[in-house]
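The next block holds one structure in the form of structure tokens; read it before the comments.
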Amino acid sequence: MQQGDAVRASTHVAPPPHDPGKAAADAAAAGFSALLDKLQYLDEASRERVRQAYRYADHAHLGQLRNSGEPYITHPIAVASLCADWKLDAEALMAALLHDALEDCGVSKTDLVEHFGSPVAELVDGLTKLDKLKFNTREEGQSESFRKMLLAMARDVRVILIKLADRTHNMRTLGSAPRSKWGRIASETLEIYAPIAHRLGLNQTFRELQDLSFRHLHPWRYATLEKAISRSRSRRREVVQKAQAEVEAAFAQQGLAARLSGREKTLYGIYERMQQRHLSFAKVVDLSGFRVVVPSVIDCYTAIGVLHQLYKPVPGKFTDHIAIAKANGYQSLHTTLVGPASLNVEFQVRTEEMHIVAEAGVAAHWLYNAQHKGGAHVQKLGTRWLQSLLDIQDETRDATEFWEHVKVDLFPDAVYVFTPRGQIMALPSGTTVVDFAYAIHSDVGDHTVAAQVNHQLVPLRTELKNGDVVEIMTSPEAAPNPAWLGFVKSGRARSKIRLYLKTLAQKESVALGEKLLAQALRAEGVQRLPDAASQAPLWEKLLRFTGHRTREELLSDVGVGKRVARIVAGRIVTLLAEEGTRPDILLLTRERYGSEDSLSQGGVLLDGSERATVQYAKCCHPVPGDPVVGYLGRGEGLMVHHAQCEVARELQRKDAERFISVDWADEPTRNFEVAIAVTVNNHKGVLARVAAELANCEADIVHMDMDDAVGGTTELRFIVSVRNLAHVEAILRNLRRLSMMVKAERVFRPR
């Protein structure tokens, strides 16, 4: 037996006791015959490869049935038939026929490579779910599946086209599945697959997936609305026919070659409008519409002029998507007119090429080439968004976080803004100045300091509107602010900011860890940290002991408190002793016993330039000049407390070994926050007077709240920004001089 025969034998599934019989087999054969009839755009060699894939898949799925009782092979045939409607190539059609073979039939990727080549095997692998992997939650598994699908799609868009065809056929046949599954599958389709189809310009698929999801999520509402539309359609038939005849006559009179076809809004589109605008069905006026296809772009605008001369346009209902295309490549002119019998009728005017793009989106590349043997520029549709998925993947390793980034970009709404040079950029609805900066380039986003919108300075969190002209100002010293994560909308911006913050935290924690470990070694009598290059064997032994992969990883864990520097230093001393290097007794005595501080890890100087690895406790708000202590939390970095802080004292009782001595540098580089509480006699304008005094003292108010106290007094609590302890004392002295002041004090305890 040859290897290929062995594979087919191993994937054979025994028929069930009730064989579906010859009729079912004939139905499957008839389905494939109908598929072959669609493949006349392929050459004979390509059609033969598709036949081979069908025979292989048919054998692999032998004996398997769908919920409807049909042979399972009818599903891959239907998926391939949908792909053939888009005129996809032979490799995509073969992958469509084989797309469930890896999942359901025990066929390996190696088998597919051997029989059909690597490109087909890669397409099938990109479609395969991750059922064999174990996930902690169903959500995690789903995120990982979509992660794989979307990344494969970014490398080859045919993957998502096949996947959408697969989901479309599954939705068409969902009625034969258990009703308990309808809600989950329909919701997933509506929330994930339909937006992907829209984002890629597959409007026909998008509309069908929406309607099928609506049908299975809300069967009663669907049926009720369908009946209402059917009744309305019969009442509107004569008016629509009259409008069509008048429009065709007007075009003929102008000598304009136009193809006119009627179109009706989808049930889900009507339902969504009723929900969003709180309308009854009777108040939805623009149910009917026409699509006008003309030879050229100039003819599109001519056709609009003819239509506006024939019927009155509805104000505010004209949109030019030719001059400014949608993000998914869609182009058309839209206008709504008051037609016969005062019926609102929507017209969409486009060229033949625009029509293909509007219906097939990224699939238009194959469809257009099959019909016109050209149009290479159509390949660019969706490319920018697809490539951005790879960018996000490079920066995001967590599957759920990756999917959260991508979902942001699936929403169909977009705003169109301009660069100072007039370039149009399409961004997600609600996008901000920072999103725009990252859309230009990650370096621009990382170094953004200010922005102008329509030549006016605006805050970075400003949301952009259609037509805005946006100019970004940068500085080489600027860096992303963690607060940006609170308002950015695009997945690209969010992932870039998080990557920067993670990288920064990593660098800072390594530097702090190196410093702490060096100081701990001095306390053990070792002058300096062993050199990474000249003492590489020692570091290898140390890493085996700690379980870390790299020196930087170990130092980072020391810096954030996951490893205690004193314990790691003790191990280094042991390893040095094995090599014959003994501690310096004089250094050990001076470092360990030369001061009243008995903490073995030495001290750290603080100047305020620290970022992620050093935090200043909110419970006591230490400032330069205060006596301070440092607590090295487990995975939280160094937390600096006032020496008299109750929280710090409690931590010292429970976890003394994690405290290190810290001290202030001579010249701190920034201001610090401090808590102040004042009690004042409750008179008109007292808050303004206190705030004015704080301003006179050059203390910026960060936060304020107030409570009524007893005896006609009010307690005001401020968080203010100060330079040092002397600044705090000067502020309190000045506050106490105010005539309405009862008490002014610094607060060291949480409230």
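Converting phi to 3J(HN,Hα) with the Karplus coefficients 6.51, -1.76 and 1.60 and the offset θ = phi - 60°, segment 198-209 yields 5, 4, 9, x, 7, 5, 5, 5, 4, 5, 5, 5 Hz in sequence order, with x at every glycine or proline. Computed extension length for D85-A695: 212.5 nm, one decimal, from 0.36 nm per residue of separation with the Cα-Cα distance subtracted.
With labels modelled as points extended 7 Å from the Cα through the Cβ direction, what inter-label distance (nm, one decimal) is found for D584 paired with I298? The modelled label-to-label distance comes out at 8.8 nm. For segment 192-348, the antiparallel share of DSSP beta bridges with both residues in that region comes to about 80%. One decimal place: the segment R184-Q456 gains 93.1 nm when fully extended, by the rule 0.36 nm per residue minus the C-alpha distance.
Which entries in the list K618/K743; K317/K465; K489/K515; K109/K496 go over 27 Å, if you measure between the two C-alpha atoms of each? Too far apart for the 27 Å limit: K489/K515; K109/K496. Computed from backbone phi with θ = phi - 60° and the Karplus coefficients 6.51, -1.76 and 1.60, the 3J(HN,Hα) list for segment 465-473 is 10, 3, x, 5, 9, 10, 10, 9, 10 Hz; x is used for glycine and proline. Amide hydrogen proximity for L202: with H placed 1.01 Å from N in the peptide plane, the residues at 5 or more positions away or on another chain lying under 5 Å are V362. Per-residue packing, averaged as other Cβ atoms within 10 Å, sorts the ranges 698-704, 639-645, 445-451 into the order 639-645, 445-451, 698-704, beginning with the highest. The phi-based Karplus calculation (6.51 cos²θ - 1.76 cosθ + 1.60; θ = phi - 60°) puts the 3J(HN,Hα) values of segment 658-672 at 8, 8, 10, 7, 10, 8, 8, 6, 5, 10, x, 9, 8, 7, 10 Hz, whole numbers, x for Gly and Pro. Using the Cβ-Cβ distance between N466 and Q52 with R0 = 35 Å, the FRET efficiency computed as 1/(1 + (r/R0)^6) comes to roughly 0.10.
At 7 Å along Cα-to-Cβ for each site, give me the label-to-label distance between E553 and K618 in nm. The answer from the label model is 3.3 nm. Taking label positions 7 Å along the Cα-Cβ direction at both Q253 and A533, the computed distance is 8.8 nm, reported to one decimal. Residue exposure proxy: K496, K743, K489, ordered by other Cβ atoms within 10 angstrom of their Cβ from fewest to most, comes out as K743, K489, K496.
Taken together, the values in this text are just the output of simple stated rules run on the coordinates, not laboratory data. Since we're looking at a predicted model, the values are computed, not measured. In this analysis, Cβ positions are derived from the backbone assuming ideal geometry, glycine residues included, and neighbour counts consider all displayed protein chains.
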